[in-house]
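Below is one structure, written out as structure tokens; the observations come after it.
The values are calculated or read from the model by the stated rules, or taken from the named source; none is laboratory data. Here the structure is a predicted model, which means the values were calculated and not measured. No Cβ is skipped: glycine too gets one built from the backbone with ideal geometry, and neighbour counts run over all protein chains shown.
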Amino acid sequence: MSAPWPVLLAPEALHAQVGTPGLVVVDCRYALSDPAAGERAYAQGHVPGAHYAHLHRDLSGPHRPGGGRHPWPDAEAFARRLADWGVEATSRVVAYDGGDGGFAARLWYLLRAAGHREVAVLDGGWAAWRGLGLPVSTDAPAPGRVPIRPLSWRMPPLDAADVRAHLDTGGLLIDARAPERFRGEVEPLDPVAGHVPGAVNRPHAANLTDDGRFKPAAALRREFEALLDGRDPERVATMCGSGVYACHHLLAMAHAGLDGARLYAGSWSGWIEDPTRPVAVGDEAGTTGLSR
């Protein structure tokens, strides 16, 4: 029996596996400021055999009330995309992006939420791969042409009502945005600044070392356990601006052996779609004021 697929995979380990049966590599590079940038970068060079996943087309779904800027995809549509990439029940999947793992973590969590456990993120992403001088291809692989497997969400994301109930019963809500966005000092992407009252802030970059790799599992475990303050991981939910970089925390927690937290998929952009929902500004506890 083969060893379990890790949550994070080093570039050298992926290089040793490229081309082996059952391996599916997916390039998730993307830029919020230029939605076509990732696809252009993929065409210029990618990990040999990698398919391309576009955040809007492949890792998000059509907007629905409260869904935010990158709504959770429909299970049937996501199942079709997995078939296009050749992902079968026994496939081992590796996702990567430009470097910090935020977009790759979105695909990682989608697969985990669908019950697929053999999925990892390339630690350090494309930057680490290129930094080691590993092979680059410009050839796009043929579609996978495997049967579409029925898919259901075994870990469906939370919505705003779930988040309110989660907080009311003592659950922890971790916001992965930058501190200045959390405090409401700036907001470059959404029409309202601030955060969900009761949320705490841990920027996703806190999961990384200076070279863009994830911190060791033991270090992440200490940091998250201090934040959890005795709670089980199942009592934790994560959010960000649109449910993408929140997955970075879910990945980091799983790497630390603290699996089981949930995603608030609509995140901040979904929360503020309803103008009656309260908005906090200021410090982590939201005690410096409510903007509405």
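What pairs can you find where one residue is in segment 71-90 and outside the structural domain of TYR245 (by TED's automatic domain parsing) and surrounded by fewer than 18 Cβ atoms within 10 Å (Cβ to Cβ), the other is among the hydroxyl-bearing types (Ser, Thr, Tyr) and part of a loop (DSSP other than H, G, I, E, B), and their Cβ atoms are less than 6 Å apart, with a gap of 6+ or different chains?
Filtered contacts from segment 71-90: ALA75/SER152.
May I ask you to verify whether THR209 is surrounded by fewer than 22 Cβ atoms within 10 Å (Cβ to Cβ), modelled with pLDDT under 95 and not charged (D, E, K, R)?
no
Any chance you could count how many residues in segment 196-221 are more than 26 Å from ALA127 (Cβ to Cβ) and over 19 Å from the mean Cα position of the chain (by Cα)?
Qualifying residue count for the region: 3.
Looking only at residues that are basic (Lys, Arg) and surrounded by 14 or more Cβ atoms within 10 Å (Cβ to Cβ) in segment 212-231, which one is nearest to PHE103 (Cα to Cα)? Don't jump to the end; show me each part of the working.
Within segment 212-231, the subset basic (Lys, Arg) is 213, 215, 221-222, 231.
So of that shortlist, the ones also surrounded by 14 or more Cβ atoms within 10 Å (Cβ to Cβ) come out as 213, 215, 221, 231.
On the way: ARG213: 14, LYS215: 18, ARG221: 22, ARG231: 27 Å.
Top of the filtered list is ARG213.
One residue is enough: does segment 179-194 have a residue meeting the conditions within 24 Å of ALA252 (Cα to Cα), within 23 Å of the chain's Cα centre (by Cα), without any contact (Cβ under 8 Å) to a residue 60 or more places away in the chain and not assigned by TED's automatic domain parsing to the domain that holds VAL25? Give the steps one after another, and end with the answer.
Going residue by residue through segment 179-194, those that are within 24 Å of ALA252 (Cα to Cα) are 179-183.
When the remaining residues are screened for being within 23 Å of the chain's Cα centre (by Cα), the result is 179-183.
Among the residues that remain, those that are also without any contact (Cβ under 8 Å) to a residue 60 or more places away in the chain are: 179-180.
Narrowing the set further to residues that are not assigned by TED's automatic domain parsing to the domain that holds VAL25 leaves 179-180.
Yes, some residue in segment 179-194 is within 24 Å of ALA252 (Cα to Cα), within 23 Å of the chain's Cα centre (by Cα), without any contact (Cβ under 8 Å) to a residue 60 or more places away in the chain and not assigned by TED's automatic domain parsing to the domain that holds VAL25.
For the condition crowded, with 18+ Cβ neighbours inside 10 Å, over 18 Å from PRO150 (Cα atoms) and at pLDDT below 95, what is the one hit in GLY99, GLY19?
Of the residues listed, the single one that is crowded, with 18+ Cβ neighbours inside 10 Å, over 18 Å from PRO150 (Cα atoms) and at pLDDT below 95 is GLY99.
Please go through segment 201-221 and pick out each residue that is within 13 Å of ALA246 (Cβ to Cβ) and charged (D, E, K, R).
In the first step, residues of segment 201-221 are kept if they are within 13 Å of ALA246 (Cβ to Cβ); the result is 201-204, 207.
Hit for segment 201-221 is ARG202, nothing else.
So, in segment 122-168, how many residues would count as being touching a Leu at 6+ places or on another chain (Cβ under 6 Å) and assigned to a loop (DSSP other than H, G, I, E, B)?
Looking only at that region, the number is 2.
Which of the numbered conditions does ALA285 fail, given that it passes all the others? Conditions: (1) of a type in the set (A, V, I, L, M); (2) at pLDDT 95 or above; (3) not in a helix (DSSP H, G or I).
ALA285 satisfies all of (1) of a type in the set (A, V, I, L, M); (2) at pLDDT 95 or above; (3) not in a helix (DSSP H, G or I) except (2).
Report the residue count in segment 39-64 for those that are at pLDDT 95 or above and not in a helix (DSSP H, G or I).
Residues meeting the conditions: 14.
What number of residues within segment 136-178 satisfy the criterion of being acidic (Asp, Glu) and either within 20 Å of the chain's Cα centre (by Cα) or modelled with pLDDT under 95 (or both)?
Residues meeting the conditions: 3.
In segment 233-249, is there at least one residue being in a helix (DSSP H, G or I), surrounded by fewer than 24 Cβ atoms within 10 Å (Cβ to Cβ) and free of Cβ contacts under 8 Å to residues at least 60 places away in the same chain?
Within segment 233-249, one or more residues are in a helix (DSSP H, G or I), surrounded by fewer than 24 Cβ atoms within 10 Å (Cβ to Cβ) and free of Cβ contacts under 8 Å to residues at least 60 places away in the same chain.
Can you tell me which residue in segment 23-42 is surrounded by the most Cβ atoms within 10 Å (Cβ to Cβ), limited to those that are under 11 Å from VAL94 (Cα atoms) and out of contact with any Pro (no Cβ under 9 Å at 6 or more places or on another chain)?
So, considering only residues that are under 11 Å from VAL94 (Cα atoms) and out of contact with any Pro (no Cβ under 9 Å at 6 or more places or on another chain), the one surrounded by the most Cβ atoms within 10 Å (Cβ to Cβ) is CYS28.
Scan segment 169-200 residue by residue and report those that are surrounded by 19 or more Cβ atoms within 10 Å (Cβ to Cβ), outside any loop (DSSP other than H, G, I, E, B) and not β-branched (Val, Ile, Thr).
LEU172, LEU173, ASP175, ARG181, PHE182, HIS195
For segment 114-137, how many residues are within 15 Å of VAL87 (Cα to Cα) and either of a type in the set (S, T, N, Q) or in contact with a Lys or Arg (Cβ under 7 Å, 6 or more places away or on another chain) (or both)?
4
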